[in-house]
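Peer 1: This is the structure, below, for whatever I ask next.
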Amino acid sequence: MTIAKHIFFTSICFFVFNSCASESNEQSVDDRLNSLLSKMTLEEKIGQMNQYSSFWDVTGPAPKEGSTAKQFEQLKNGLVGSMLNVHGVENVRKLQQIAVEETRLGIPLIFGFDVIHGFKTISPIPLAEAASWDLEAIELSAKNAALEASAAGINWTFAPMVDISRDARWGRVMEGAGEDPYLGSKIAHARVKGFQGDDLSAPTTIAACAKHFAGYGFPEAGKEYNTVDIGAQTLHNMVMPPFKATIDAGVRTFMNSFSQLNGVPATGSKYLQRTLLKEKWNFDGFVVSDWSSIEEMVEHGYAENVKHAAHIAVEAGSDMDMQSFAYVEHLADLVRSDIVDEQLIEDAARRILRVKFELGLFDDPYKYCNIEREKATIGHEKFQEATLEMAKKSIVLLKNQNQLLPLKKKGLDIALIGDLADDKTSPLGNWILAAENNSAVSVLEGMKAYEGNNIEFSVGAKLNIGPLEFAKELKINTTDKSDFAAALKTAKTADVVVMVLGEHGFQSGEGRSRTNIGLPGLQQELLEAVYKVNKNIVLVLNNGRPLALNWAHKHIPAIVEAWQLGSQSGNAIAQVLYGDYNPSGKLPMTFPKSVGQVPIYYNFKTSGRPNLPSPDEVFWTHYQDETNAPLYPFGYGLSYTTFEYSDLEIISQSGTTIELSVAVTNSGKFPGKEVVQLYVQDHFAQPAQPVKSLKRFELIDLKPNQTKTVRFTLTEDALGFYDDDGNFTVQPGEFSIYVGGDSTANLTTKFNL
Ligand code: BGC
């Protein structure tokens, strides 16, 4: 990097210049909005509600025919308010120029993009980041993503996805923060803060979007886009809290969802978008539909045709139409025929324009279009450093029998086996639209950077044998074992075998549900074959969802959960394997023993028959062929050191404010970090509450033999729940507290309210 580039980058990061110091800024946003709206025709207002995906090679000649020509004409006539999937200063500027210079009112476009886990520099998938429980790091990760994306012309991300999910079959769990509403809320808040910063009008921050409102994480049978049918308790206590947390963090946009919630497509739900979001929560930003989710209400069997769908969606409060063409084609007619109230259009356009004002686009529509800044920012090494830190924090040590890990740095013969060990694309994960394939550091590269050991790589079995395309199914190798023999030969004589197995980055994400959540393809067979010749195996997992790994857990001495960790994946994994970083991640989602246990989650409700009444009796809540326990519980994760918990005490109680303390000691040999978790159980309530719920946590550092006293203060928010109408309530009675290093924590105390 040149010095000039560095200086430019540094100054852009730390000096938020105010390009908005124009005369017009002295007027309030409301005055400016009123004045603009008074000049707009009905069609122009509807135009603001219309969003298209990049429909034409923006740097090429204008399209002359077909639907893209029509879209281009609409753009020039002020009938497009936003674009998605356009990035790069040159491309964005070109389209912005049309909006600003060629349309009657010159209203700038807002440019959205799926900046989900990084932009060009890719950070760990969101589920992995959630495993860090490190809110500052997660906020920084989102901030860096905003810095990089905004330098490429983007001013709006479709993130964070805050959908709680308990179903590992659903591929999109990779994009969320797991199963818990409390952890999910904290992370949702951190991500919004990271993207939006304290000043949305700064050229380095972007508008965030809480999605998918609401319930999308509960599709029946874990099948993508499937029906969601959940009760009021699950809706208000599990699904809603992270969305509410984004409101508290000042999120400026929401995205609704593809799925039906209790019979009503979320896109057409007035209850969700108007009653709850805009009225009860006072949200004054705007709601964008999910991709073509307005017209899909026809396929849902909810609307008669696209025009009817437009009618339902606008009345329900869906402000911007992503890619359905429904609003631009039908709303004007619906208003003129007195079917839709024009005030609804006015309200939607106002909301969208408000966010454009807040971004500062009316003061400088090209503020995200600085080519020098783009050159100096994209791919900056600072992002690589930050993403490496984030990646290390995201790793979860699942098993470490006989302290097989960390590995010695010298003198070992290591067999490194598995297609994923040498893969430089899969670790990037799923949302990598602006990233370059083949750009991640592989495990092979990361381990080779440590020169003291002899590393021999063998693929073992190819994982994916088809093309790699975002929208296409992968073709998983289930037959070709021709590489087995070489891998077994390498493994046989090695001191240690490191096997990198799991899912390809494109096996989780949107449209990627699975019914079998074991190791895909031939990998289980390969693992068992290698185990026969060498039992000294470290299994490094790459995956975007919890996997069912019963066999591996029973046999393999060391297991490291490394998810899809992004651009620096291989370096992070190597540093953990060699002990240069002591893992501290904790699972944000329960790992089942078998897919048949799914959905499995720690905050379940006990049944009327939770316990075995007498040996071999069948009349209790259980399976005949599997225990009720998960393979790894929520909140679980080991370290190279050990932690002991003691002296849990209630220090004081005054009404609903309770102060507690607990002592945590590092009883092992390494310095380490521990996530101290506090769970609350409300023993009886109407409606009945979960067996326990995470209510507080703290990340602490401890040196060997060091003890820290951690204090927690519980207030009303930790002791109550939402009733069926979504109102918060605290009921008197008996409560238990559990504190420990995962959700099976059993150091306990009680109090009464
Ligand atoms: C996804 C959204 C995403 C949108 C735009 C949809 O398919 O569900 O999460 O933001 O596409 O790319």
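Peer 1: Report, by residue number, each residue of the stretch 229-239 that is in a helix (DSSP H, G or I) and out of contact with any strand residue (DSSP E or B) (no Cβ under 7 Å at 6 or more places or on another chain).
Peer 2: Of everything in the stretch 229-239, those that are in a helix (DSSP H, G or I) and out of contact with any strand residue (DSSP E or B) (no Cβ under 7 Å at 6 or more places or on another chain) turn out to be Ala232, Gln233, Thr234, Leu235, Met238, Val239.
Peer 1: I've got another one for you. Check whether at least one residue in the stretch 142-163 is within 16 Å of the ligand (Cβ to nearest atom), hydroxyl-bearing (Ser, Thr, Tyr) and crowded, with 24+ Cβ neighbours inside 10 Å, and report yes or no.
Peer 2: yes
Peer 1: Is the stretch 246-258 home to any residue that is among the aliphatic types (A, V, I, L, M), within 16 Å of the ligand (Cβ to nearest atom) and out of contact with any helix residue (DSSP H, G or I) (no Cβ under 7 Å at 6 or more places or on another chain)? Outline the logic, then answer.
Peer 2: Going through the stretch 246-258, the residues among the aliphatic types (A, V, I, L, M) turn out to be 247, 249, 251, 255.
From what is left, the residues that are within 16 Å of the ligand (Cβ to nearest atom) are 251, 255.
Next, from what is left, pick out any that are out of contact with any helix residue (DSSP H, G or I) (no Cβ under 7 Å at 6 or more places or on another chain): 255.
Yes, some residue in the stretch 246-258 is among the aliphatic types (A, V, I, L, M), within 16 Å of the ligand (Cβ to nearest atom) and out of contact with any helix residue (DSSP H, G or I) (no Cβ under 7 Å at 6 or more places or on another chain).
Peer 1: Also, quick follow-up: In the stretch 614-665, what residues are assigned to a loop (DSSP other than H, G, I, E, B) and among the small types (Gly, Ala, Ser)?
Peer 2: Within the stretch 614-665, Ser614, Ala629, Gly635, Gly637, Ser639, Gly655 meet the criteria.
Peer 1: Then there's this: Scanning for something buried (at least 18 other Cβ atoms within 10 Å of the Cβ), within 30 Å of Val92 (Cβ to Cβ) and charged (D, E, K, R), does the stretch 458-478 turn up at least one residue?
Peer 2: no
Peer 1: Considering only residues that are away from the ligand (no atom under 14 Å from the Cβ) and under 14 Å from Leu428 (Cβ atoms), which ones fall in the stretch 109-118?
Peer 2: The one that is away from the ligand (no atom under 14 Å from the Cβ) and under 14 Å from Leu428 (Cβ atoms): Gly118.
Peer 1: Could you list, in sequence order, the residues of the stretch 597-625 that are among the hydroxyl-bearing types (Ser, Thr, Tyr) and either closer than 19 Å to Thr234 by Cα or surrounded by 10 or more Cβ atoms within 10 Å (Cβ to Cβ) (or both)?
Peer 2: Scanning the stretch 597-625 gives Tyr601, Tyr602, Thr606, Ser607, Thr621, Tyr623.
Peer 1: Something else now. Which residues, counting only those in the stretch 201-226, are among the hydrophobic types (A, V, I, L, M, F, W, C) and either touching a Leu at 6+ places or on another chain (Cβ under 6 Å) or within 16 Å of the ligand (Cβ to nearest atom) (or both)? Steps first, please.
Peer 2: Taking the stretch 201-226 first, the residues among the hydrophobic types (A, V, I, L, M, F, W, C) are 202, 206-210, 213-214, 218, 221.
Once the filter is applied, which keeps residues that are among the hydrophobic types (A, V, I, L, M, F, W, C) and either touching a Leu at 6+ places or on another chain (Cβ under 6 Å) or within 16 Å of the ligand (Cβ to nearest atom) (or both), the stretch 201-226 yields Ile206, Ala207, Ala208, Cys209, Ala210, Phe213, Ala214, Phe218.
Peer 1: Kindly evaluate Leu407 against the criterion of being in contact (Cβ under 8 Å) with a residue 24 or more places away in the chain and assigned to a strand (DSSP E or B).
Peer 2: No.
Peer 1: Same structure, new question: Could you grab me the full set of residues in the stretch 314-325 that are among the small types (Gly, Ala, Ser) and within 16 Å of the ligand (Cβ to nearest atom)?
Peer 2: The first filter runs over the stretch 314-325 and keeps only residues among the small types (Gly, Ala, Ser), leaving 316-318, 324.
Result: Ser318, Ser324.
Peer 1: Another one. Under 7 Å between Cβ atoms, at least 6 apart or on separate chains: pull out the pairs that start in the stretch 35-62 with a residue that is within 15 Å of Phe325 (Cβ to Cβ) and end on any residue that is among the charged types (D, E, K, R).
Peer 2: Going by the 7 Å Cβ cut-off, the qualifying pairs are Met49/Asp319; Met49/Asp321; Asn50/Asp321; Gln51/Asp321.
Peer 1: Among the numbered conditions (1) buried (at least 22 other Cβ atoms within 10 Å of the Cβ); (2) within 16 Å of the ligand (Cβ to nearest atom); (3) polar (S, T, N, Q), tell me where Thr387 comes up short.
Peer 2: (2)
Peer 1: Hey, among Leu638, Leu678, which residue is buried (at least 21 other Cβ atoms within 10 Å of the Cβ) and either farther than 26 Å from Thr234 by Cα or assigned by TED's automatic domain parsing to the domain that holds Leu404 (or both)? Lay out the reasoning, then the answer.
Peer 2: On the way: Leu678 fails: either farther than 26 Å from Thr234 by Cα or assigned by TED's automatic domain parsing to the domain that holds Leu404 (or both).
Every option except Leu638 fails the conditions.
Peer 1: Going by what's in this entry, would Ser594 be described as surrounded by fewer than 22 Cβ atoms within 10 Å (Cβ to Cβ) and at negative phi?
Peer 2: Yes.
Peer 1: So, one more: Would you mind listing the helices (runs of 4 or more DSSP H) fully within the stretch 283-398 where at least 3 residues are in contact (Cβ under 8 Å) with a residue 12 or more places away in the chain, more than 29 Å from the chain's Cα centre (by Cα) and assigned by TED's automatic domain parsing to the domain that holds Val540?
Peer 2: Helices (runs of 4 or more DSSP H) meeting the threshold: none at all.
Peer 1: Can you tell me which residue among Lys586, Lys593 is free of Cβ contacts under 8 Å to residues at least 60 places away in the same chain and touching an Asp or Glu at 6+ places or on another chain (Cβ under 7 Å)?
Peer 2: Exactly one residue qualifies, and that residue is Lys593.
Peer 1: Looking at Glu510, Glu503, can you tell me which residue is in contact with an Asp or Glu (Cβ under 9 Å, 6 or more places away or on another chain) and over 20 Å from Tyr623 (Cα atoms)?
Peer 2: Values: Glu503 fails: in contact with an Asp or Glu (Cβ under 9 Å, 6 or more places away or on another chain).
It is Glu510.
Peer 1: Ok, one more. Of (1) assigned to a loop (DSSP other than H, G, I, E, B); (2) within 16 Å of the ligand (Cβ to nearest atom), Pro242 satisfies all except one. Which?
Peer 2: Of the numbered conditions (1) assigned to a loop (DSSP other than H, G, I, E, B); (2) within 16 Å of the ligand (Cβ to nearest atom), the odd one out for Pro242 is (1).
Peer 1: Mind listing whichever residues of the stretch 568-606 are assigned to a loop (DSSP other than H, G, I, E, B), touching a strand residue (DSSP E or B) at 6+ places or on another chain (Cβ under 7 Å) and of a type in the set (A, V, I, L, M, F, W, C)?
Peer 2: Leu587
Peer 1: Sticking with this structure for a sec: Mind counting the residues in the stretch 716-753 that are assigned to a strand (DSSP E or B) and under 20 Å from Leu699 (Cβ atoms)?
Peer 2: So the answer is 5.
The values are calculated or read from the model by the stated rules, or taken from the named source; none is laboratory data. The structure displayed is predicted, hence computed values, not measured ones. Here Cβ is always computed from backbone atoms with ideal geometry, including for glycine, and neighbour counts include all displayed protein chains.
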